[in-house]
Amino acid sequence: MLISSQFDSGNIETVDISENNDVRLKIKKDNKSDFFQWFHFRVSGVADAMCRFVIANAGDAAYADGWTGYSVCASYDRENWFRVNANYEEGALSWQIEPEQDSLYFAYFAPYSMERHADLIADVSASPLVTSSVLGHTLDGQDMDLVEIGHGSEGRKKIWLIARQHPGETMAEWWMEGVFDFLLDEDNPVARNLLDNAHFYIVPNMNPDGSKRGNLRTNAAGANLNREWKDATMERSPEVYLVRQKMQEAGVDFHLDAHGDEALPYNFIAGFEGVPSVTKKQLALLDRYQTLLCDMSPDFQREHGYPVEAPGTSDLRKSTDYAAETFGCLAVTLEMPFKDNANLPDAEWGWSPERCRHLAHACIASLAQMVDEL
């Protein structure tokens with residue numbers, strides 16, 4: 001048996017492999033940070049051999065509560081990621097499987113590589129509706145891609161969608177694929193009508209460096225990008241600095257930041273209720289958007305989520321609070337589960353890339369119903 005993780009978004013450290021294929025592992029910390037929870041590795045030479053894997057330091061992970069009720073993602077072909085039941089006790093996460101092939105991949109969630117990201121940008125750029133550009137570069141020298149969709153911004157609502165500030169939350173970029181599928185479908189009358197009234201600014205991956213390095217939460221400097229919006233700098237968080245600069249240039253009427261939550265097995269929205277200048281109109285729009293989304297998708301709900309911010313308790317270092325306060329717009333954080341959606345469970349696949357895409361369709365269709373109100 002061999003364990004490897006020296007590839008795009010790989011993360012694991014082998015502690016020990018016993019003669020009976022009992023494997024002890026550790027997740028590596030994000031660079032220049034104590035955060036860790038994302039793992040992604042390959043095991044080879046294991047066809048028809050019962051194997052047991054133990055992540056020994058799971059109890060010290062950033063969100064250890066997230067392991068309870070969690071199932072590991074596994075794939076033979078790196079396209080289809082099924083779930084393997086896992087057990088969390090005494091600070092360790094363990095699972096067993098008898099692989100059908102010599103090579104098998106495991107990950108915290110279905111990975112989204114920087115190669116796939118590059119393919120995505122190239123693919124959508126072929127549409128006549130798309131203008132793609134590079135805002136600048138990350139600390140590791142990677143491109144910060146911006147995709148604009150529409151017939152021009154003049155006289156249209158400015159819609160901003162960003163994802164993967166936290167690179168390990170790969171469901172956010174799978175969600176972005178659904179956004180592009182919906183908006184660039186020339187036979188979709190809802191999309192065509194929406195693009196007559198709105199211009200989209202989309203950053204599919206806010207954290208290319210963290211994504212490639214196999215980080216859970218930080219960039220190459222060890223910065224949590226969703227705590228950088230108030231005082232971003234090119235030295236520490238160029239990703240946020242560049243996107244914020246473009247926002248200030250273009251304007252913002254709606255902002256959605258796509259994330260994943262380790263512990264809660266639900267899809268939900270976190271708002272901006274605690275920002276200093278919050279208005280009744282903003283709160284009414286927040287309520288309306290969530291109501292529409294509940295009606296549009298049984299995968300979305302409002303019962304479970306984060307506590308509502310009390311007045312004056314916002315954190316303007318976060319993108320949603322920053323956008324709501326700076327632009328007076330409707331701004332939301334969409335959270336998706338690493339586990340499964342407890343309201344509509346799927347034991348074989350859990351919350352999956354396909355379901356992320358479908359939720360994206362519902363998110364954009366809901367926005368289409370209220371874009372004139374923004």
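The values are calculated or read from the model by the stated rules, or taken from the named source; none is laboratory data. The structure presented is a predicted model; accordingly, all values stated were derived computationally and were not measured. Quick reminder, even Gly has a Cβ in these numbers, built from the backbone with ideal geometry, and neighbours come from all protein chains shown. Just the protein is used for accessible areas: all its heavy atoms, side chains included, with ligands, DNA and RNA removed. Shrake-Rupley method; radii C 1.70, N 1.55, O 1.52, S 1.80 Å.
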- Output the residues belonging to the stretch 112-138 that are out of contact with any Ser or Thr (no Cβ under 9 Å at 6 or more places or on another chain) and more than 27 Å from Ala198 (Cβ to Cβ). Glu115, His137, Thr138
- Could you list, in sequence order, the residues of the stretch 340-367 that are surrounded by fewer than 18 Cβ atoms within 10 Å (Cβ to Cβ) and part of a helix (DSSP H, G or I)? Glu354, His358
- Message: Taking the conditions exactly as written (assigned to a loop (DSSP other than H, G, I, E, B), touching a Leu at 6+ places or on another chain (Cβ under 6 Å), in contact (Cβ under 8 Å) with a residue 24 or more places away in the chain and aromatic (Phe, Trp, Tyr)), does Phe300 satisfy them or not?
- Response: yes
- Query: What number of residues in the stretch 263-281 are within 19 Å of Thr320 (Cα to Cα) and buried (at least 20 other Cβ atoms within 10 Å of the Cβ)?
  - Reply: 8
- Message: Restricting to the stretch 249-261, and then to whatever is in a loop (DSSP other than H, G, I, E, B) and at negative phi, can you tell me which residue is most open to solvent (accessible area, probe 1.4 Å)?
- Response: Asp253
- Give the residue, chosen from Ala107, Ala163, that is of a type outside the set (Phe, Trp, Tyr) and either touching a helix residue (DSSP H, G or I) at 6+ places or on another chain (Cβ under 6 Å) or under 19 Å from Val203 (Cβ atoms) (or both). Ala163
- What about Ser153, is it open to solvent by 10 Å² or more (accessible area, probe 1.4 Å), of a type outside the set (Val, Ile, Thr) and in contact (Cβ under 8 Å) with a residue 24 or more places away in the chain? yes
- Message: With the requirement that a residue be in contact with a Leu (Cβ under 7 Å, 6 or more places away or on another chain) and closer than 14 Å to Leu225 by Cα, what does the stretch 192-207 give you?
- Response: Val203, Met206, Asn207
- Query: Right, Asp321: open to solvent by less than 60 Å² (accessible area, probe 1.4 Å), within 19 Å of the chain's Cα centre (by Cα) and at pLDDT 95 or above or not?
  - Reply: yes
- Of (1) under 21 Å from Ala163 (Cα atoms); (2) out of contact with any Leu (no Cβ under 6 Å at 6 or more places or on another chain), Val46 satisfies every one except (1)
- Looking for whichever is closer than 20 Å to Met171 by Cα and not in a strand (DSSP E or B) here; the options are Leu264, Leu285, Leu292. Which one fits? Leu264
- Message: Condition first: of a type in the set (Val, Ile, Thr) and either open to solvent by 40 Å² or more (accessible area, probe 1.4 Å) or closer than 30 Å to Tyr70 by Cβ (or both). Now tell me which residues in the stretch 110-137 satisfy that.
- Response: Thr131, Val134
- Give the residue that is farthest from the chain's Cα centre (by Cα), with candidates limited to residues of the stretch 17-75 that are surrounded by fewer than 23 Cβ atoms within 10 Å (Cβ to Cβ), within 24 Å of Gly222 (Cβ to Cβ) and among the polar types (S, T, N, Q). Asn57
- Message: Among the residues of the stretch 307-315, are any in a loop (DSSP other than H, G, I, E, B), free of Cβ contacts under 8 Å to residues at least 12 places away in the same chain and out of contact with any Phe, Trp or Tyr (no Cβ under 6 Å at 6 or more places or on another chain)?
- Response: yes
- Message: I'd like the full set of residues that are surrounded by fewer than 17 Cβ atoms within 10 Å (Cβ to Cβ) and small (Gly, Ala, Ser), limited to the stretch 300-318.
- Response: Ala310, Gly312
- What about Leu183, is it among the hydrophobic types (A, V, I, L, M, F, W, C), surrounded by 24 or more Cβ atoms within 10 Å (Cβ to Cβ), in contact with a Phe, Trp or Tyr (Cβ under 8 Å, 6 or more places away or on another chain) and farther than 30 Å from Ala64 by Cα? yes
- Message: List pairs: first residue in the stretch 249-267 and farther than 16 Å from Cys363 by Cβ and β-branched (Val, Ile, Thr), second residue open to solvent by less than 30 Å² (accessible area, probe 1.4 Å) and not in a strand (DSSP E or B) anywhere in the structure, Cβ distance under 6 angstrom, at least six positions apart or on different chains.
- Response: Val252/Ala323; Val252/Cys329
- Task: Please note which strands (runs of 3 or more DSSP E) are completely contained in the stretch 1-112 and include at least 2 residues that are on the phi < 0 side of the Ramachandran plot and basic (Lys, Arg).
- Result: 22-26
